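Heads up: the structure comes next, in structure tokens.
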Amino acid sequence: MQPIIQIRGLEKTYASGFQALKGVDLDIRRGEIFALLGPNGAGKTTLISIVCGIVRATAGSVTVDGHDIMRDWRAARSLIGLVPQELTTESFESVWATVSFSRGLFGKPPDPAVIERILKDLSLWDKKDTKVMALSGGMKRRVLIAKALSHEPRVLFLDEPTAGVDVELRRGMWEMIGRLRDSGVTIILTTHYIEEAEEMADSIGVISGGRIILVEEKAALMEKLGKRLLTLQLLNPLDAIPPEFAGYPLTLSADGRELVYSFDTQGERTGIAGLLRKLGDHGINYTNLRTEESSLEEIFVSLVKERA
Amino acid sequence: MNLHAIKAIYIFELARTWRTLFQSIAGPVISTSLYFIVFGAAIGGRFASVEGVSYGAFLVPGLVMMSVLTESVSNASFGIYMPRYSGTIYELLSAPVSAFETVIGYVGAAATKSVILGTLILLTARLFVDFSIAHPFWMVAFLVMTSVTFSLLGFILGIWADGWEKLQIVPMLIVTPLAFLGGSFYSISMLPPFWQKVTLFNPVVYLVSGFRWSFYGAADVPVALSLVMVALMMAICLAVVWWIFRTGYKLKN
């Protein structure tokens, strides 16, 4: 199936001379949650802004569901909802008025039932007549999401949706984003919180220095780049790793009670069996062992460092 | 044509007027009433009639024009500057709305407000002086065209300004002087010959003259010339607006 968003050779140089994007190619599949990860200033917001029509590209092309964003901008934009990073809301309008305004702006006839459903989904219904400026930060964020959803878009861009949102609300937002995906909306989110991408995304793209350095399905990414750790709890604490084990990637905890062995999940042989046998041979007994995978955060940091 | 968007912008902008009703409508109406009391009743009594009408009645079209000019500029500039200032303009820029539709929405709302304001000032003036309208059709036409033209000017100002100060300074330094010197309070023929020539460079002269003609049938400049000037100003403003959206000036990076 044709990707819902196709980006080819996208470049952006700002008037200041700063090159925010240096040739980005990216396909986003229909109906997935795509997380765009990257450090500050990597080009995340620039990329989103170009697709949404807020920033002009210097070179390259973007299509949304087959519609070119320049030639066929009306059709392309009608499909997109954008939740910006900053809490930029009207101040004096009621929640109802500002969300209804957004629907009209995107060319849809008024439909109170749709607005009602969106506001209820976002737990804003009892605030519908409240002026936006009287709302808390978390509620304003939800108002922005409601505005972006008001015209029932097929693609939703969330630029750091949970920045400055408390833990409980973040959970709620993740659930809501999950429900949206289930209803067939493609979701592209940028985030600093690796946790967020790990929790929700189907695919992950990493952008750094204006280039996409990796796009992968989350599971595959975790597997491919993940390191596993085997931790052994020792019966008798060690002072140091015995010299016979010098060739193994082992570390000893400060109290000498835990021995940590790291291995690559991709390797044909993990070497665990050999290690355990050798430990037994040397009389090092353990009471417990556990393995863990490295988190996406660790993968991400190592990736960006590698490129830097 | 995204008619829903035009309607959404238009209603949204008029709602802003409604919210700030006192400041938007009552302010200019009260200040115009004060002009009538001071110039029309207190000082005007000492003047003989101007061009065949009492000074109080002579003032009416000029005062209406003056309020309509300044309010159009300030309303339209505020309407588009506000979303730029607060950042909510992102939504407009990402919406399937053309430049033309945006302008109809914003300028249409600002002009509507000005026409309502002008009508209210006329009604208020009726309480102070007796006047007649010789050419009602042209009166409305001049009112509407002026409202639209100066709302366009305000729209341009609102996009150009990058601070509240700039937003205030253009009306204060340019629009208000032009309006005061545009013959609102006097007939050009009362000026010395040299200044009669200079004043013809002031576009407001043509507006006030044409508008006054629609009331009393007498004008400082030929009414056709007034019409041409309004049309010309409107065309210039439209061209600038078109250029703004084409280049994304101050709107898009």
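The values are calculated or read from the model by the stated rules, or taken from the named source; none is laboratory data. These numbers come from a predicted model, not from an experiment. Reconstructed Cβ throughout: ideal geometry from the backbone, glycine too, with neighbour counts over all protein chains shown.
Counting only residues that are within 13 Å of chain B (Cβ to nearest Cβ) and in contact with an Asp or Glu (Cβ under 8 Å, 6 or more places away or on another chain), how many does segment A:77-96 have?
Of the residues in segment A:77-96, 7 are within 13 Å of chain B (Cβ to nearest Cβ) and in contact with an Asp or Glu (Cβ under 8 Å, 6 or more places away or on another chain).
Quick check on my filter: what residues within segment B:219-239 are among the β-branched types (Val, Ile, Thr) and farther than 18 Å from B:ALA111 by Cα?
Correct list: B:VAL221, B:VAL223, B:VAL228.
Could you check segment A:97-128 and list, in sequence order, the residues that are in contact with a Pro (Cβ under 8 Å, 6 or more places away or on another chain) and at the interface with another protein chain (Cβ under 7 Å from one of its Cβ atoms)?
Scanning segment A:97-128 gives A:GLY104, A:PHE106, A:GLY107.
Based on this model, can you work out whether A:VAL95 counts as touching a helix residue (DSSP H, G or I) at 6+ places or on another chain (Cβ under 6 Å) and either of a type outside the set (D, E, K, R) or closer than 26 Å to A:SER49 by Cα (or both)?
The answer is yes for A:VAL95.
Here is a list: B:SER49, B:SER86. Which entry is farther than 24 Å from B:LEU152 by Cα and surrounded by fewer than 17 Cβ atoms within 10 Å (Cβ to Cβ)?
B:SER49
Please indicate, with yes or no, whether at least one residue in segment B:50-69 is modelled with pLDDT under 90, at positive phi and not aromatic (Phe, Trp, Tyr).
Checking segment B:50-69: at least one residue is modelled with pLDDT under 90, at positive phi and not aromatic (Phe, Trp, Tyr).
Taking segment B:1-44, which residues are away from every other protein chain (no Cβ under 14 Å), touching a residue at least 60 places away in the same chain (Cβ under 8 Å) and not polar (S, T, N, Q)?
Answer for segment B:1-44, where residues must be away from every other protein chain (no Cβ under 14 Å), touching a residue at least 60 places away in the same chain (Cβ under 8 Å) and not polar (S, T, N, Q): B:ILE25, B:PRO28, B:VAL29, B:PHE36, B:ILE37, B:PHE39, B:GLY40, B:ALA41.
What are the residue pairs meeting all of these: first residue in segment A:43-60, first residue free of Cβ contacts under 8 Å to residues at least 12 places away in the same chain, second residue part of a loop (DSSP other than H, G, I, E, B) and buried (at least 21 other Cβ atoms within 10 Å of the Cβ), Cβ atoms under 8 Å, and 6 or more apart or on different chains?
Close Cβ pairs (under 8 Å, with a partner that is part of a loop (DSSP other than H, G, I, E, B) and buried (at least 21 other Cβ atoms within 10 Å of the Cβ)) amount to A:SER49/A:VAL55.
With (1) small (Gly, Ala, Ser); (2) under 16 Å from B:ILE9 (Cα atoms); (3) out of contact with any Pro (no Cβ under 9 Å at 6 or more places or on another chain) as the list, and B:SER77 as the residue in question, which single condition is left unmet?
(3)
Would it be correct to say that B:ALA76 is within 14 Å of another protein chain (Cβ to nearest Cβ) and closer than 26 Å to A:THR98 by Cβ?
no
For B:ALA125, state whether it is buried (at least 17 other Cβ atoms within 10 Å of the Cβ) and over 24 Å from B:TYR55 (Cβ atoms).
no
If you go through segment B:178-199, how many residues are within 18 Å of B:THR149 (Cβ to Cβ) and modelled with pLDDT under 85?
Qualifying residue count, segment B:178-199: 2.
In segment A:4-55, how many are farther than 23 Å from A:VAL301 by Cα, part of a strand (DSSP E or B) and within 12 Å of chain B (Cβ to nearest Cβ)?
Qualifying residue count for the region: 2.
Does B:ILE156 satisfy being of a type in the set (Val, Ile, Thr) and in contact (Cβ under 8 Å) with a residue 12 or more places away in the chain?
Details: of a type in the set (Val, Ile, Thr): yes; in contact (Cβ under 8 Å) with a residue 12 or more places away in the chain: yes.
It is true that B:ILE156 is of a type in the set (Val, Ile, Thr) and in contact (Cβ under 8 Å) with a residue 12 or more places away in the chain.
Which one of A:ALA197, A:ALA220 is in contact (Cβ under 8 Å) with a residue 24 or more places away in the chain and within 30 Å of A:ASP65 (Cβ to Cβ)?
Numbers: A:ALA220 fails: in contact (Cβ under 8 Å) with a residue 24 or more places away in the chain.
Exactly one of A:ALA197, A:ALA220 is in contact (Cβ under 8 Å) with a residue 24 or more places away in the chain and within 30 Å of A:ASP65 (Cβ to Cβ), namely A:ALA197.
For the list (1) of a type outside the set (Val, Ile, Thr); (2) surrounded by fewer than 24 Cβ atoms within 10 Å (Cβ to Cβ); (3) within 16 Å of the chain's Cα centre (by Cα), I need the number of the one condition that B:LEU3 fails.
Exception for B:LEU3: condition (3).
Out of all the residues in segment A:106-136, which are in a helix (DSSP H, G or I), hydrophobic (A, V, I, L, M, F, W, C) and touching a residue at least 12 places away in the same chain (Cβ under 8 Å)?
Restricting attention to segment A:106-136, the residues satisfying the condition of being in a helix (DSSP H, G or I) are A:112-121, A:125-127, A:132-134.
With the extra rule that they be hydrophobic (A, V, I, L, M, F, W, C), the set shrinks to A:113-115, A:118-119, A:125, A:132-134.
Passing the criteria: A:VAL114, A:ILE115, A:ILE118, A:LEU119, A:VAL132, A:MET133.
With the structure loaded, tell me whether A:MET139 is in a helix (DSSP H, G or I), touching a Lys or Arg at 6+ places or on another chain (Cβ under 7 Å), more than 8 Å from every other protein chain (Cβ to nearest Cβ) and not charged (D, E, K, R) or whether it fails that test.
Taking the combined requirement at face value, the residue satisfies it.
Taking the condition surrounded by fewer than 23 Cβ atoms within 10 Å (Cβ to Cβ), closer than 23 Å to A:PRO110 by Cβ and charged (D, E, K, R), does A:GLU175 pass?
Numbers: surrounded by fewer than 23 Cβ atoms within 10 Å (Cβ to Cβ): yes; closer than 23 Å to A:PRO110 by Cβ: no; charged (D, E, K, R): yes.
It is false that A:GLU175 is surrounded by fewer than 23 Cβ atoms within 10 Å (Cβ to Cβ), closer than 23 Å to A:PRO110 by Cβ and charged (D, E, K, R).
Just to verify a result, which residue in segment A:59-76, among those that are within 11 Å of chain B (Cβ to nearest Cβ) and either at pLDDT 95 or above or assigned to a loop (DSSP other than H, G, I, E, B) (or both), is farthest from the chain's Cα centre (by Cα)?
Going residue by residue through segment A:59-76, those that are within 11 Å of chain B (Cβ to nearest Cβ) are A:67, A:69, A:72-76.
With the extra rule that they be either at pLDDT 95 or above or assigned to a loop (DSSP other than H, G, I, E, B) (or both), the set shrinks to A:69, A:72.
Values: A:ILE69: 24, A:ASP72: 28 Å.
The qualifying residue farthest from the chain's Cα centre (by Cα) is A:ASP72.
Could you go through segment A:147-169 and let me know if any residue there is more than 25 Å from A:ALA35 (Cβ to Cβ), buried (at least 18 other Cβ atoms within 10 Å of the Cβ) and either within 14 Å of another protein chain (Cβ to nearest Cβ) or of a type in the set (S, T, N, Q) (or both).
Within segment A:147-169, the subset more than 25 Å from A:ALA35 (Cβ to Cβ) is none.
No - not one qualifying residue is present in segment A:147-169.
Just to check your reading of the model, which residue among B:SER98, B:SER94, B:SER77 is surrounded by fewer than 18 Cβ atoms within 10 Å (Cβ to Cβ) and closer than 28 Å to A:GLY53 by Cα?
Going through B:SER98, B:SER94, B:SER77 in turn, the sole match is B:SER98.
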